[in-house]
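Undergrad: Dumping the structure here so I can ask a few things about it.
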Amino acid sequence: MDEKIRVGILGAGRAGDGMHGRELKLYPDKFEITAICDIDAERAEMCAEKYQCRSFSDPDAFFKAGGFDLVAVATYSKTHMQYTRQALESGYYTIIEKPIAITYEEAKELLVLDKKFPGKLFCRQNRRFEAAFQHVRELLATGIIGKVHTIKLMRNSFSRRNDWQMLQCNGGGQLNNWGPHLIDHALQFMNYKVQSVWGELKRTAAMGDADDSIKLLMRDFDGLTVDIEIFGGAALPSNAYEIYGSRGALMVDSTEADIKMRYVEPTYELKPYPIIEGHPNGFKFADNATIPWVRQTIMVKPSNGWNMERFYLAVYEAVKGIAPFPIKAEEAVEVTRITAEVRKQNPGF
């Protein structure tokens, strides 16, 4: 393989061109786009001119022609598994977009493919690299807000969406769109020890027949509840993160630029107080009035320096043997298991 990794992009839409193409151009010394394929020949040719590479409108011809080392599968959701299988069996390193599959049964095939082609498969749970997510995890690991009991993950907006992503026949809907990202975050916070899942799907503002709003509650075995909201009919913004612990809380607003915290001074001992069974002492409870609270706002800046644009750098490091890819296939498949459970609870979607 040449020093640069040659990339073929399969699918030249919002993801293939607008995300993969843009991100690859951030690393011109590491990647070179050598081919692009889209079933819309005109679209493929336009993108090929943009990236100065070959264009294809037939995926079979694209795979057969080769001239690349890595394939980014960014086609319609329902075809992700089909083309990922074809790419791996054709000998290429392969990135599979989310959702990795439409059903859990289909997703489990990825585990077989991952074993058959070790080191070749990369699941694009790219929001694992988000700076705010990385920084929040870092803060929780210090124990500064105590034992965490509730985590709220929210991505709410108002959108009268009317594209293919709102059709069930295309594998559309927010559960397959934003869902994989926040479910992946939830599973990371829970260390994959899920006891129960409850989910509700609705269509509130979008067109089509797929879901645009999700409410999802996940519980682990140690008292942690993760509450996920992805509302397509929310006319006012919400925080992206709200996390509550036994000694404090932290919040990140929708800009994900700053983290606000309120926590008990770390050296202060929260001692147990006896229950007063007789006449209450007004509204004085335990040591509420004397707790030494600390308020702090810090910029989102994780110590590892990760952000959303690091995904392709992580792929490069894995292909070149510099560092293992941080997202395991079984983790991505577990995301699909959760979405399958929610679908089962919402037969209309």
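The values are calculated or read from the model by the stated rules, or taken from the named source; none is laboratory data. The structure displayed is predicted, hence computed values, not measured ones. Here Cβ is always computed from backbone atoms with ideal geometry, including for glycine, and neighbour counts include all displayed protein chains.
Undergrad: Would you mind stating whether ASP29 is more than 25 Å from ALA314 (Cβ to Cβ) and either of a type in the set (A, V, I, L, M, F, W, C) or free of Cβ contacts under 8 Å to residues at least 60 places away in the same chain (or both)?
TA: Values: more than 25 Å from ALA314 (Cβ to Cβ): no; either of a type in the set (A, V, I, L, M, F, W, C) or free of Cβ contacts under 8 Å to residues at least 60 places away in the same chain (or both): yes.
No, not satisfied.
Residue-wise test of (1) within 29 Å of LEU167 (Cβ to Cβ); (2) modelled with pLDDT of 95 or more; (3) surrounded by fewer than 22 Cβ atoms within 10 Å (Cβ to Cβ); (4) in the same structural domain as HIS181 (by TED's automatic domain parsing).
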{"residue": "ASP58", "(1), (2), (3), (4)": "yes, yes, yes, no"}
{"residue": "VAL73", "(1), (2), (3), (4)": "yes, yes, no, no"}
{"residue": "TYR76", "(1), (2), (3), (4)": "yes, no, yes, no"}
{"residue": "HIS80", "(1), (2), (3), (4)": "yes, yes, no, no"}
{"residue": "TYR83", "(1), (2), (3), (4)": "yes, yes, no, no"}
{"residue": "TYR93", "(1), (2), (3), (4)": "no, yes, no, no"}
{"residue": "GLU97", "(1), (2), (3), (4)": "yes, yes, no, no"}
{"residue": "PHE117", "(1), (2), (3), (4)": "no, yes, yes, no"}
{"residue": "LYS120", "(1), (2), (3), (4)": "no, yes, yes, no"}
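Undergrad: Taking segment 6-22 as the search range and keeping residues that are surrounded by fewer than 24 Cβ atoms within 10 Å (Cβ to Cβ) and in contact with a strand residue (DSSP E or B) (Cβ under 7 Å, 6 or more places away or on another chain), which one is farthest from ALA48 (Cα to Cα)?
TA: Taking segment 6-22 first, the residues surrounded by fewer than 24 Cβ atoms within 10 Å (Cβ to Cβ) are 6, 13-19, 21-22.
Now narrow it down to the ones that are in contact with a strand residue (DSSP E or B) (Cβ under 7 Å, 6 or more places away or on another chain): 6, 16, 21.
Numbers: ARG6: 14, GLY16: 12, GLY21: 11 Å.
Result: ARG6.
Undergrad: Could you pull out the residue among LEU270, LEU182 that is of a type in the set (A, V, I, L, M, F, W, C) and at pLDDT 95 or above? Let's see the steps before the verdict.
TA: Values: LEU270 fails: at pLDDT 95 or above.
Selected residue: LEU182, the only one of LEU270, LEU182 that is of a type in the set (A, V, I, L, M, F, W, C) and at pLDDT 95 or above.
Undergrad: For segment 283-301, which positions are under 29 Å from the mean Cα position of the chain (by Cα) and not β-branched (Val, Ile, Thr)?
TA: Looking only at segment 283-301, we keep the residues that are under 29 Å from the mean Cα position of the chain (by Cα), and these are 296-301.
If the condition is that a residue be under 29 Å from the mean Cα position of the chain (by Cα) and not β-branched (Val, Ile, Thr), then GLN296, MET299, LYS301 are the ones that fit.
Undergrad: Follow-up. Test THR103 against the stated conditions and say whether it is outside the structural domain of LYS260 (by TED's automatic domain parsing), more than 16 Å from the chain's Cα centre (by Cα) and more than 28 Å from VAL319 (Cβ to Cβ). Write out each step before concluding.
TA: Working: outside the structural domain of LYS260 (by TED's automatic domain parsing): yes; more than 16 Å from the chain's Cα centre (by Cα): yes; more than 28 Å from VAL319 (Cβ to Cβ): yes.
So THR103 fits the description; yes.
Undergrad: Among helices (runs of 4 or more DSSP H) lying entirely in segment 123-210, which contain 1 or more residues that are in contact (Cβ under 8 Å) with a residue 40 or more places away in the chain and closer than 17 Å to ARG14 by Cβ? Working first, answer last.
TA: Details: elements: 131-141, 174-177, 179-190.
Passing ranges, in order: 174-177, 179-190.
Undergrad: Shifting gears a bit: Need the failing condition index for PRO274 against (1) surrounded by 11 or more Cβ atoms within 10 Å (Cβ to Cβ); (2) assigned by TED's automatic domain parsing to the domain that holds LEU182, just the number.
TA: (1)
Undergrad: Another question about this same structure. What single numbered condition from (1) surrounded by 10 or more Cβ atoms within 10 Å (Cβ to Cβ); (2) touching a residue at least 12 places away in the same chain (Cβ under 8 Å); (3) over 31 Å from the mean Cα position of the chain (by Cα) fails to hold for GLU309?
TA: (3)
Undergrad: For segment 175-219, name all the residues that are surrounded by fewer than 18 Cβ atoms within 10 Å (Cβ to Cβ) and either of a type in the set (Asp, Glu) or not assigned by TED's automatic domain parsing to the domain that holds MET154 (or both).
TA: Once the filter is applied, which keeps residues that are surrounded by fewer than 18 Cβ atoms within 10 Å (Cβ to Cβ) and either of a type in the set (Asp, Glu) or not assigned by TED's automatic domain parsing to the domain that holds MET154 (or both), segment 175-219 yields GLU200, ASP209.
Undergrad: A further question follows. Need the failing condition index for LEU250 against (1) over 19 Å from the mean Cα position of the chain (by Cα); (2) loosely packed, with under 14 Cβ neighbours inside 10 Å; (3) under 24 Å from ASN126 (Cβ atoms), just the number.
TA: Looking at each condition in turn, LEU250 falls short on (2).
Undergrad: In addition: Report, by residue number, each residue of segment 197-254 that is farther than 22 Å from ALA132 by Cα and among the polar types (S, T, N, Q).
TA: Residues satisfying the conditions are THR204, SER213.
Undergrad: Surrounded by 15 or more Cβ atoms within 10 Å (Cβ to Cβ), in a strand (DSSP E or B), in contact with a strand residue (DSSP E or B) (Cβ under 7 Å, 6 or more places away or on another chain) and not β-branched (Val, Ile, Thr): does that describe GLU32? Outline the logic, then answer.
TA: On the way: surrounded by 15 or more Cβ atoms within 10 Å (Cβ to Cβ): yes; in a strand (DSSP E or B): yes; in contact with a strand residue (DSSP E or B) (Cβ under 7 Å, 6 or more places away or on another chain): yes; not β-branched (Val, Ile, Thr): yes.
Yes, satisfied.
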